[in-house]
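Taken together, the values in this text are just the output of simple stated rules run on the coordinates, not laboratory data. Predicted model, so just to flag it, every value in this text is computed and none were measured. Note: ideal-geometry Cβ built from the backbone for every residue, glycine included; neighbour counts use all protein chains shown.
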Amino acid sequence: MAGETAEVWWLATDSLGAGDWPELEALLDEAERARAARFHFERDRLSYVAAHALGRRLLSARAGGEPSAWAFTVGPHGKPEVRDAPRLRLNLSHTRGLAAAVLAEEHDVGIDVEWLGRPAAGPELAPRFFAPTECDILALAPPERAEETFLAFWTLKEAYIKAIGLGLAQPLDSFAFTLEPLSISFAPGIADNPARWHFARFRPTPAHLMALALRHPAPHTVTTAVTEADMALLCAQPGRMSRR
């Protein structure tokens, strides 16, 4: 069984200067620029621009062409798919200070990033959203690691529901993760197979967590290539990008 490489690019948005944002926005199409303009808060607008620019440049690095030329369709639960290139599966995520994109071929993929500096309310929310076994693990975490442990579960759960394309239509307590070892299990009645999933966790910066979910018939063959993107990479001419 052939392996799969999930290619992840991430961008620390706090490192960008005011002059960088017009260059990133130029990579978007007209509809994305219009949507970006509707965000109420500037931080949210810039996060959206960064993530979508990152995804478009990643597509062009893999398959060629101009980043702004890529078109997308949207599934019934809001998951975007690359139009006219169904083998390419792209997913995006952004949070305060970080944007990320993942690209795979043929297989469902999802990514999520979270900022560790957000107000620490996660552990109190866990009983509303998490499976009982996850709540048990969280209850055993030292107080100083409780929020990070909560976000470790949260990023994995978000990556999974984004990969399957159901979003929050899939109840978050219908599946459960363990962190060590990293694995998933499903509640009775959920038609999914843990043996068909590859998951990975990353710490791209000291202030951020990132998780990846990839459905694959042979997950042991999956590899992940992670690249820290910068403006030199994002603004390179098509066909001359560094594939670091």
Study note, to complete from the structure: Most fluctuating of V49, V113, V222 in the GNM of the chain (C-alpha, under 10 Å) is V222
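Which shape class applies to segment 165-223: rounded if a/c is under 1.5, otherwise prolate when a/b exceeds b/c and oblate if not, where a ≥ b ≥ c are the square roots of the Cα gyration tensor eigenvalues? Mind showing how you got there, number by number?
Details: a/c = 1.89, a/b = 1.32, b/c = 1.43.
It comes out oblate by the Cα gyration axes.
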Practice item. Note down the Stokes-Einstein diffusion coefficient of segment 46-87 in µm²/s, whole number, using a Kirkwood radius over alpha carbon pairs, 20 °C, and 1.002 mPa s. Key: 195
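Apply 1/(1 + (r/R0)^6) to the Cβ-Cβ distance of T73 and T223, taking R0 = 35 Å, and write down the FRET efficiency to the nearest 0.05. Spell out each step's value before the answer.
Working: r = 28 Å, r/R0 = 0.80.
E between T73 and T223, to the nearest 0.05, is 0.80.
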Revision key, fill the gap. Taking Cα atoms, the helix 146-164 axis meets the longest principal axis of the chain at an angle in degrees (rounded to 10) of 60
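Given an 8 Å cut-off on Cα distances and at least 6 residues of separation, report the relative contact order of the chain as a percent. Write out the running numbers ahead of the final one.
Values: 452 pairs, mean separation 60.2, N = 244.
With pairs under 8 Å counted, the relative contact order is 25 percent.
Using the Cα gyration tensor of segment 98-236, with a ≥ b ≥ c the square roots of its eigenvalues, what is the shape: rounded (a/c below 1.5), prolate (a/b larger than b/c) or oblate (neither)?
Working: a/c = 1.93, a/b = 1.14, b/c = 1.69.
Oblate.
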Check your understanding: If segment 4-234 were replaced by its equivalent ellipsoid, with semi-axes equal to the square roots of 5 times the Cα gyration tensor eigenvalues, what would those be, largest first, whole Å?
Key -> 29, 21, 16
